[in-house]
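The values are calculated or read from the model by the stated rules, or taken from the named source; none is laboratory data. A quick note: this is a predicted structure, and the numbers were derived from the prediction, not measured. Virtual Cβ from ideal backbone geometry, glycine too; neighbours counted across all protein chains shown.
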There are 4 protein chains.
Amino acid sequence: MIQYDHHVKVYYKDVDQMGIVYYSRYFEYFEQARTELLAFLGLDVSSIEEKGIQLPVVSGHCDYRLGARLEQQLIIRTMVNELPKAKLRIQYEVFVKGNDAESLVSGYTVHAFINRKGKPIRAPKTVIEKLKDQFNLAD
Amino acid sequence: MIQYDHHVKVYYKDVDQMGIVYYSRYFEYFEQARTELLAFLGLDVSSIEEKGIQLPVVSGHCDYRLGARLEQQLIIRTMVNELPKAKLRIQYEVFVKGNDAESLVSGYTVHAFINRKGKPIRAPKTVIEKLKDQFNLAD
Amino acid sequence: MIQYDHHVKVYYKDVDQMGIVYYSRYFEYFEQARTELLAFLGLDVSSIEEKGIQLPVVSGHCDYRLGARLEQQLIIRTMVNELPKAKLRIQYEVFVKGNDAESLVSGYTVHAFINRKGKPIRAPKTVIEKLKDQFNLAD
Amino acid sequence: MIQYDHHVKVYYKDVDQMGIVYYSRYFEYFEQARTELLAFLGLDVSSIEEKGIQLPVVSGHCDYRLGARLEQQLIIRTMVNELPKAKLRIQYEVFVKGNDAESLVSGYTVHAFINRKGKPIRAPKTVIEKLKDQFNLAD
């Protein structure tokens, strides 16, 4: 398993009339977090895209238990639990910093790999290898 | 089944570098569409909230097949397929206007009912009755 | 003078913890409104861009007097007061529908014209002519 | 003069079809930056609001010279140049990290001080004093 903690802070822009983070904003946090996870693995989006590969989201899901509030420091814990074949699944847990016993929000995104022509392809070797390296380190 | 078509147009603000609507924006479209669905049923958010009831999202899900593009007119088809008990489930299909054979994006949201104290409650009578009226009409 | 009224409704996505529309959201409303103004003039963004011309924003400004609230119907009144030379200036007034005596928010955006190479150019003839037609009509 | 550098990274969520940061997003960056500036001065938004004081934006302005791009690290340089009387003016310059000779975007926001009743008040003593401390340090 690969795990990466991305930190975000909640600002006015994120919070709705109920005083909690608006539900779609978590998908922005997830995007930030997975970009940093991939960069950490040596797979930054710009250089993947230069190779003509894109990772469009094919599914996104979020379960909301507790609302994050203004000025809270959040941890977006991002995990890859299995090597991708045709698709890469990334999971997310959102915690208030200092309390990772209680997850406010959980979610996942599923990503396809597509080539320059927009055709789905299998997970590229470089991606698989970078992920494998991390899985081995984590053993 | 209750069904309601909400129309949105895609603007620059919605579109990302790949030239398609950014994935979290569909959850904003869903919010607009279910607000209009509820208002159409006589359940506008402001008057529900005045009764001390809120309908927070507990789950949100989206499957992305095709990307909507700049200046497209979209239909957000919004459906309620069953009467809520503790939770209300709303489904969404996104079409380009004039082509409702091919859904670009599908999704759903699940909503709890909570009272002024933030405690979960069963679906209020008024909500059930308004929905029932529509189910009967649709029979 | 050219004037066009664009209608938007305020949803949860737009409203912050103070219960009013978050300040940057007006710039999204302005974008929607000017897109519709330009489309109304026969200058839709897609067909301008096909000719290799883009209208990037070079300045944006907003003065906030009163906050718009959830479920309000707003009019984004959009105006062009002078023919563009190197730049096009568009003005905006935001009203609650039914009360256009009191403007909640005023603003403007200034747009350059650039060609395919990203170089600034003078306002294209087609743009000038479409605007002139309207100015004449308004006389 | 008070100056504070806030760092943001550009993600997909921020970038439009032209491959540059969408124009309203800078106002979100400005909000983040001034929140951090105020927190740095000991004036975090939550504790100001607990005292019944709010700082609504009364004007926002942005001049766009160059577009920030995906995965760029930006510095939002935030400055207060004068002690507030009835209003606080904050200025912003946006740089790509490592190149603060060339500002991509400049802007400012003007904030009123209002009390619990929503009435405008003069800048509270605590705010003035915290700012003065910094002005003195900077001398």
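All told, residue C:76 meets the bar of being crowded, with 18+ Cβ neighbours inside 10 Å and in contact with a Phe, Trp or Tyr (Cβ under 6 Å, 6 or more places away or on another chain). Assessment of the range A:61-78 against the conditions (within 25 Å of residue B:31 (Cα to Cα), of a type in the set (Asp, Glu) and either more than 14 Å from the chain's Cα centre (by Cα) or part of a loop (DSSP other than H, G, I, E, B) (or both)) yields at least one matching residue. For the range A:1-26, the tally of residues that are at the interface with chain B (Cβ under 9 Å from one of its Cβ atoms), free of Cβ contacts under 8 Å to residues at least 40 places away in the same chain and outside any loop (DSSP other than H, G, I, E, B) stands at 1. Evaluation of residue C:119 against the conditions (1) free of Cβ contacts under 8 Å to residues at least 40 places away in the same chain; (2) within 21 Å of residue C:73 (Cβ to Cβ) shows that the sole unmet condition is (2). Exactly one residue out of A:69, A:34 is buried (at least 19 other Cβ atoms within 10 Å of the Cβ) and not hydrophobic (A, V, I, L, M, F, W, C), and it is A:34.
With the checklist (1) surrounded by fewer than 18 Cβ atoms within 10 Å (Cβ to Cβ); (2) at the interface with another protein chain (Cβ under 9 Å from one of its Cβ atoms) in hand, flag the one item residue B:62 doesn't pass. Here residue B:62 meets the rest and fails (1). Note on the range C:27-41: residues that are within 15 Å of residue C:104 (Cβ to Cβ) and more than 11 Å from chain D (Cβ to nearest Cβ) amount to 1. For the criterion of being within 12 Å of chain C (Cβ to nearest Cβ), buried (at least 20 other Cβ atoms within 10 Å of the Cβ) and not in a helix (DSSP H, G or I), residue D:109 passes. Here residue B:118 clears all of (1) in contact with a strand residue (DSSP E or B) (Cβ under 8 Å, 6 or more places away or on another chain); (2) within 12 Å of another protein chain (Cβ to nearest Cβ); (3) part of a loop (DSSP other than H, G, I, E, B) except the condition numbered (1). Residues that are assigned to a loop (DSSP other than H, G, I, E, B) and either closer than 30 Å to residue A:18 by Cβ or among the charged types (D, E, K, R) (or both) were ranked within the range A:42-59; the one that is farthest from the other protein chains (Cβ to nearest Cβ) is A:51. Only residues that are touching a residue at least 60 places away in the same chain (Cβ under 8 Å) and either surrounded by fewer than 16 Cβ atoms within 10 Å (Cβ to Cβ) or within 14 Å of the chain's Cα centre (by Cα) (or both): list them for the range D:48-59, please. Once the filter is applied, which keeps residues that are touching a residue at least 60 places away in the same chain (Cβ under 8 Å) and either surrounded by fewer than 16 Cβ atoms within 10 Å (Cβ to Cβ) or within 14 Å of the chain's Cα centre (by Cα) (or both), the range D:48-59 yields D:51, D:52.
Specify which of the listed residues (A:49, A:36, A:31) is modelled with pLDDT under 95, among the charged types (D, E, K, R) and either on the phi < 0 side of the Ramachandran plot or out of contact with any helix residue (DSSP H, G or I) (no Cβ under 9 Å at 6 or more places or on another chain) (or both). Can you show your working first?
On the way: A:36 fails: modelled with pLDDT under 95; A:31 fails: modelled with pLDDT under 95.
Only one candidate passes the filter, namely A:49.
Within the range B:92-130, the set of residues being hydrophobic (A, V, I, L, M, F, W, C) and closer than 28 Å to residue A:109 by Cβ comprises B:94, B:95, B:96, B:101, B:104, B:105, B:110, B:112, B:114. For the range B:104-139, the set of residues classified as of a type in the set (S, T, N, Q) and either more than 15 Å from the chain's Cα centre (by Cα) or farther than 30 Å from residue B:65 by Cβ (or both) consists of B:115, B:126, B:134, B:136, listed by residue number. Candidates are the residues of the range B:79-96 that are part of a strand (DSSP E or B) and among the basic types (Lys, Arg); the one that is farthest from residue B:20 (Cα to Cα) is B:87.
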